[in-house]
Amino acid sequence: MASTPPHCSITASTKSYKNHQYPKNHFKNHQNNHRNHPLPRKFSLSNPLPSPCNAAKHTAAAASASTVRAPVSQVSTPFPSLDPDFSGRRSTRFVSKMHLGRPKTSINTRHTSIAEEVLQLALHNALAGLESILVSFESKLSGSDDYTFLLRELGNRSEYEKAIKCFNFAVRRETRRTEQGKLATAMISILGRLGKVELARGVFHTALNEGYGKTVYAFSALISAFGRSGYCDEALKVFDSMKNYGLKPNLVIYNAVIDACGKGGLEFKRVVEIFDEMLRSGVQPDRITFNSLLAVCSRGGLWEAASNLFSEMVDRGIDRDIFTYNTFLDAVCKGGQMDLAFEIMAEMPAKNIFPNVITYSTMVDGYAKAGRFDDALNLFNEMKFLGIGLDRVSYNTLLSIYAKLGRFEEALDICREMEDSGMRRDVVTYNALLGGYGKQGKYDEVRALFDEMKAQKVSPNLLTYSTVIDVYSKGGLYDEAMDVFREFKRAGLKADVVLYSALIDALCKNGLVESAVSLLDEMTKEGIRPNVVTYNSIIDAFGRSATSEHVFDAGGIRESLADSSSSLVIKQCIHGTAVDREDNRIVKIFGQLAAEKGGQAKKDCGGKREILCILGIFQKMHELEIRPNVVTFSAILNACSRCDSFEDASMLLEELRLFDNQVYGVAYGLLMGYRENVWIQAQSLFDEVKLMDSSTASAFYNALTDMLWHFDQKRGAQLVVLEGKRRQVWDNVWSNSCLDLHLMSSGAARAMVHSWLLNIHSTVFEGHELPKLLSILTGWGKHSKVVGDGALRRAVEALLNGMGAPFQLAKCNLGRFVSTGPVVTAWLRESGTKNLLVLHDNRTQPENTRFEEISNLQTLTL
């Protein structure tokens, strides 16, 4: 869960790569692997996809400004595009990269050498002695220029208390209001940069009260201070208060507030309203404005809106710089559009803007998150060829890729190369290795690495603890997980959504759904907002049939618990203080898991109660504006496959159409036999899924196929499998000689066998020769936990025998069916074979039957 390190700040300074011998055809090797993907130039900026934000809504009117932006009516799409959250990755953390690597802007003050002498004395003396130093040099210091220099240099060294004392001294002696205002602006900016927003607010209000703070520059400095710390509510209040002082916002102010809103997580729609207000006021945007708007798009992966902004800069004659391209690329990569991102990067040299370390790091991170590791590693090789030095983020990203691939020797080589370059392993490095080892089940290495990290004085952070607890929980090492949690509490850290989600997922995987739902209630009471990952675990658990009776209330989650060990845990946790209750609950849950070790006995309690639980959770997500993603969809389809009856499954999907008719309408239509009517709409959905990473896309197709097979809509299941084949979803498991079903559900696996045999049937009748040896691999199956059980193997064996397919179990591998090319060819040429391979639906609707629309549809965009 936590194996991918956040893409945090690039520490190396930005290079100019104009001095590199940059090869004109350096992208040539990539070109054949990417489709033509022109930049979209007309997408509604005024009507972006909504996203939740806790910020107070800004009061600016939303009327359209007179700009070159295209209205929604000009966009021609047969079906609405799915929200980036549907295909979004599962990370719960975001760090803006807009200014990463940007060189510090130097302020050209005309300070004297005396100011530099005073600075040295101030640095080498205690705070108490600073006043006497300033008094002794007062007559020699040259006004506000010297004092501004002192403030800035003390701030750069985090000596904010000395800076404040110096500021107070300077303001008392300065008689000119304008100069006092300059000093106040500088002090507010310095405190904001250091995250001391309350002190910055105090300086601002003092300046206002004493008559020298009523300037757009002081307001801009405070807005930026709040923005840096993520307080967009406060930044907007300062922005609105300017009117009370008769000040008219200028370009500097608007840029500051847009930047603050982006850093504070304000939804894109609200930021656009501010931008529209700016245009109506006659203030024309510049490159900084657009870079800030692009950063907002980057945060939400709004690549289409970012594309429109990028094009609008050209229409307005605003030059785009390296920061524009890097931020735009980040938005496109976060939106999963890696082919488009590649083309944007390829055009940069022609614009005399050369990709730098940030450009490459962004692209590599995007490829890695899309599961395209080969492309990511190729880009790293290209960086080395161009002589672009890797920085800490680049090294950590590369290390994370090798760790995910299980190539730990290469990952450790990267660590050594990183250390040889003068960069010690940091917490991001260790987090990547811990996650990688954990996913491979290398628990001894996780334990040793966690100990080494602390021995090297690298303090574990919240992500570290979340990763280790998640690894141990998934590995059944509950005692170890409990010890790490206790250490986490001793470190004084507070659990966040990632840690809670890991604990909830561990409970759900062990069938303790009531405890999981109770812990979900607990986290919301603690003021921690659940995310889509949290709810996905619970939906999936309900779909797997929980262990004891439960009641779900959409207005708040409550349980009716059976008299079992899980209910005992919850009852025991009622006592104690609020903090102790939270800690005790988690510790006792680990104790329960450790005691049961292997999970309690499952008993099916499916039917309508479980469906109501899932609908209740979905309704709660809707209320909290937590948008479901493709993992949610797959979990719900898996739940349908486990429903007691066709009626229950169809009822669940029909209800979910009220939330999203595009996504759940496709599943419902295929289930009900409206295949001809919904197939065009299904194509739009498949287009979106194709843009996701391979494992997520494969899980989606597996879940949809399995549900259709389960309810005898086998022709629909076969068409979905073949569609996946056409879109290269199965490239890693499907070839002319071998079909690998290791990770498939039972129904999906059988549909895939039919489709694979039908595909090689076409090969034979096209006059091609089959390989000498054909194999179907089943392993022990996705849902077979006991070695030797072979539920999937038995299902595939029964299917092959029923068709009379000439495959036999391999003597040395009980999970592998084999046959020779000539034998299979002879069977495929038999007259009745094709009829056996082409599947049929149990229920169909006449082609002229209209797929029922839902009136008063409540849209919840995924």
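The values are calculated or read from the model by the stated rules, or taken from the named source; none is laboratory data. The model shown is predicted, which means the values in this text are computed figures rather than measured ones. Glycine also receives a Cβ, built like all others from the backbone with ideal geometry; neighbour counts cover every protein chain displayed. Just so you know, the surface numbers come from the protein's heavy atoms only, side chains and all, with ligands and any DNA or RNA stripped out. Shrake-Rupley method; radii C 1.70, N 1.55, O 1.52, S 1.80 Å.
Descriptive notes on the structure:
- Close pairs from segment 632-656: first aromatic (F, W, Y), partner at pLDDT 80 or above, Cβ under 6 Å, at least 6 apart: F646/F711
- Scanning segment 358-400 for residues that are assigned to a helix (DSSP H, G or I), touching a Phe, Trp or Tyr at 6+ places or on another chain (Cβ under 8 Å) and under 22 Å from R425 (Cα atoms) turns up Y360, V364, A376, F380, M383, S394, L398.
- Residue match in segment 687-695 (condition: free of Cβ contacts under 8 Å to residues at least 12 places away in the same chain and in a helix (DSSP H, G or I)): yes
- In segment 724-736, the count of residues that are at pLDDT below 90, small (G, A, S) and open to solvent by 10 Å² or more (accessible area, probe 1.4 Å) is one or more.
- Whichever residue in segment 220-240 is open to solvent by 20 Å² or more (accessible area, probe 1.4 Å) and part of a helix (DSSP H, G or I) and, among such residues, is farthest from G264 (Cα to Cα): D240
- Residue within segment 189-203 that is surrounded by 18 or more Cβ atoms within 10 Å (Cβ to Cβ) and farther than 22 Å from G155 by Cα present: no
- Only one of the numbered conditions (1) open to solvent by less than 70 Å² (accessible area, probe 1.4 Å); (2) under 18 Å from A502 (Cβ atoms); (3) part of a helix (DSSP H, G or I) is violated by P460, and that is (3).
- Candidates L434, L449, filtered to the one that is free of Cβ contacts under 8 Å to residues at least 24 places away in the same chain and either open to solvent by less than 10 Å² (accessible area, probe 1.4 Å) or farther than 23 Å from S694 by Cα (or both): L449
- Segment 106-135 - residue that is of a type in the set (S, T, Y) and in contact with a helix residue (DSSP H, G or I) (Cβ under 7 Å, 6 or more places away or on another chain) and, of those, modelled with the highest pLDDT: T112
- Some residue of segment 129-136 being touching a Ser or Thr at 6+ places or on another chain (Cβ under 9 Å), open to solvent by less than 20 Å² (accessible area, probe 1.4 Å) and over 20 Å from F204 (Cβ atoms): no
- Residue check, V818 of a type in the set (A, V, I, L, M, F, W, C) and modelled with pLDDT under 90: no
Table: residues versus (1) out of contact with any Gly (no Cβ under 8 Å at 6 or more places or on another chain); (2) open to solvent by less than 20 Å² (accessible area, probe 1.4 Å); (3) acidic (D, E).
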| site | (1), (2), (3) |
| --- | --- |
| F659 | yes, yes, no |
| Q683 | yes, no, no |
| E688 | yes, no, yes |
| L691 | no, no, no |
| A699 | yes, no, no |
| A703 | yes, yes, no |
| L719 | yes, no, no |
| H742 | no, no, no |
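- Residue check for I589: buried (at least 17 other Cβ atoms within 10 Å of the Cβ), in a helix (DSSP H, G or I) and either modelled with pLDDT of 80 or more or among the hydrophobic types (A, V, I, L, M, F, W, C) (or both): yes
- Any hit, segment 314-331, residues being under 20 Å from N378 (Cα atoms), free of Cβ contacts under 8 Å to residues at least 60 places away in the same chain, surrounded by 23 or more Cβ atoms within 10 Å (Cβ to Cβ) and out of contact with any Phe, Trp or Tyr (no Cβ under 8 Å at 6 or more places or on another chain): yes
- Residue within segment 684-695 that is out of contact with any His (no Cβ under 8 Å at 6 or more places or on another chain), of a type in the set (V, I, T) and more than 20 Å from T844 (Cβ to Cβ) present: yes
- Condition met for K334 (open to solvent by 30 Å² or more (accessible area, probe 1.4 Å), charged (D, E, K, R), under 21 Å from the mean Cα position of the chain (by Cα) and within 30 Å of N308 (Cα to Cα)): yes
- S515 passes every criterion in (1) modelled with pLDDT of 80 or more; (2) part of a helix (DSSP H, G or I) apart from (1).
- Test for I258: is it open to solvent by 30 Å² or more (accessible area, probe 1.4 Å) and among the β-branched types (V, I, T): no
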